[in-house]
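A.B. asks: Have a look at this one.
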Amino acid sequence: TVDLMRLWTVDGTWDFLYLPRRGNGKGARGYAFLNFVTEAHAAAFRAQWEGRRLSPFSTGSGLSIIPASVQGFHANVSVLKGKPPGELKQRSSEPVVVRDGVFVDFDKL
């Protein structure tokens, strides 16, 4: 998640970043959820990142950016809060939450 935050700066265009981890917690599943504060920010992000690779050394295909079935900050938080206890037990599994430019501990939402 830290690597993605270096690429996708905390600049007020998004407020929620979740990178699901594999069951063993040792690596990402290959997709992420990013909640944008406006549709215009989402469209600009898609225009900039669609088809791009995250790293020049990446061997995978480029990014495919599609709308998630769950939309909005509160809806995304609700979905993750409803996960079984322990599924987000590792700090690396928790989403990054930013409210008004300040990082918020997911456990305190």
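A.B. asks: So what J values fall out for the stretch 64-79 if you push phi through Karplus, 6.51 cos²θ - 1.76 cosθ + 1.60 with θ = phi - 60°, rounded to Hz, Gly and Pro as x?
C.D. replies: 10, 9, 9, x, 7, 6, 9, 10, x, 4, 5, 5, 5, 4, 4, 4
A.B. asks: Moving on to the next point. Relative to the present Cα-Cα distance, how much length would full extension add between ALA47 and PHE103 at 0.36 nm per residue of separation? If you can, show how the numbers build up before the last one.
C.D. replies: On the way: separation 56, 0.36 × 56 = 20.16 nm, distance 2.62 nm.
Full extension of this stretch gives 17.5 nm more.
Bear in mind these aren't lab numbers, they're just calculated from the coordinates by the rules spelled out. What you see is a predicted model; the values in this text were computed from it and never measured.
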